[in-house]
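All remarks here apply to the structure that follows.
The values are calculated or read from the model by the stated rules, or taken from the named source; none is laboratory data. Nothing here was measured: the structure is a model prediction, and the numbers come from that model. Every residue, glycine as well, gets a Cβ built from its backbone with ideal geometry; the counts of neighbours run over all protein chains shown. Accessible surface is based on the protein model in full, side chains and every heavy atom, while ligands, DNA and RNA are left aside. Shrake-Rupley method; radii C 1.70, N 1.55, O 1.52, S 1.80 Å.
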Amino acid sequence: MVDRRSRPSYGYRAVHVIVSVEDKLVEIQIRTALQHQWAELSEKFSDVIDPAIKYGAGDDTARSLLVQLAELVEAVEVVETFEDVMKQTGEFADGQTKEKMGALRTKLPIVKQRIADLLQGNIAELEKRRKKE
């Protein structure tokens, strides 16, 4: 297993599980919806602008956008993980922390949707650009 969440590859984050099926190795990539959209955007940048983008080279603007979006996706995952731990343990440091987590809980879906919209919007723009070429 390779966990690209803890060691991202140029922003790419996923868990890779390699299994043997009928004596053949099969790689299974496990990604959240946001990780998947990020990977789709990276692929589109690679197809339309420069394949080197996926490997940390190529167009500076595209690479910068991918890095920023990857950081946003990671931030959402950190908050979700923290929230899950707090729910499972039933422990909050104090009432203020519980109140802040409640505020995060209500804002998180909105933030996730905005990130998803941004990712999807960029993918759509690249699709248009590719069709024109």
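What number of residues in the range 7-44 are farther than 28 Å from SER64 by Cα and of a type outside the set (Val, Ile, Thr)?
Counting residues in the range 7-44 that are farther than 28 Å from SER64 by Cα and of a type outside the set (Val, Ile, Thr) gives 6.
Has the range 35-48 got any residue that is outside any helix (DSSP H, G or I), among the small types (Gly, Ala, Ser) and closer than 25 Å to ARG7 by Cβ?
Residues of the range 35-48 outside any helix (DSSP H, G or I): none.
Taking every residue of the range 35-48 in turn, none turns out to be outside any helix (DSSP H, G or I), among the small types (Gly, Ala, Ser) and closer than 25 Å to ARG7 by Cβ.
May I ask you to list the residues in the range 54-98 that are of a type in the set (D, E, K, R) and at positive phi?
none
Regarding SER64, is this residue within 15 Å of the chain's Cα centre (by Cα), over 17 Å from ARG4 (Cβ atoms), part of a helix (DSSP H, G or I) and among the polar types (S, T, N, Q)?
yes
Report, by residue number, each residue of the range 77-133 that is in contact with a Lys or Arg (Cβ under 6 Å, 6 or more places away or on another chain) and without any contact (Cβ under 8 Å) to a residue 12 or more places away in the chain.
Correct list: PHE92 only.
I'm told TYR55 meets every condition in (1) more than 13 Å from the chain's Cα centre (by Cα); (2) over 14 Å from TYR12 (Cβ atoms); (3) touching a residue at least 24 places away in the same chain (Cβ under 8 Å); (4) open to solvent by 80 Å² or more (accessible area, probe 1.4 Å) except one. Can you identify the failing condition by its number?
That leaves (2) as the condition not met.
Kindly indicate which of THR81, THR89, THR61 is hydroxyl-bearing (Ser, Thr, Tyr), open to solvent by 60 Å² or more (accessible area, probe 1.4 Å) and within 20 Å of HIS36 (Cβ to Cβ).
Only one candidate qualifies: THR81.
Given ILE18, ILE53, ILE30, which one is within 19 Å of GLU127 (Cα to Cα) and hydrophobic (A, V, I, L, M, F, W, C)?
Within the list ILE18, ILE53, ILE30, the selection yields ILE53.
Give me the residue from the range 8-23 that is under 24 Å from the mean Cα position of the chain (by Cα) and outside any strand (DSSP E or B) and, out of that set, surrounded by the fewest Cβ atoms within 10 Å (Cβ to Cβ).
The extreme case among them is TYR10.
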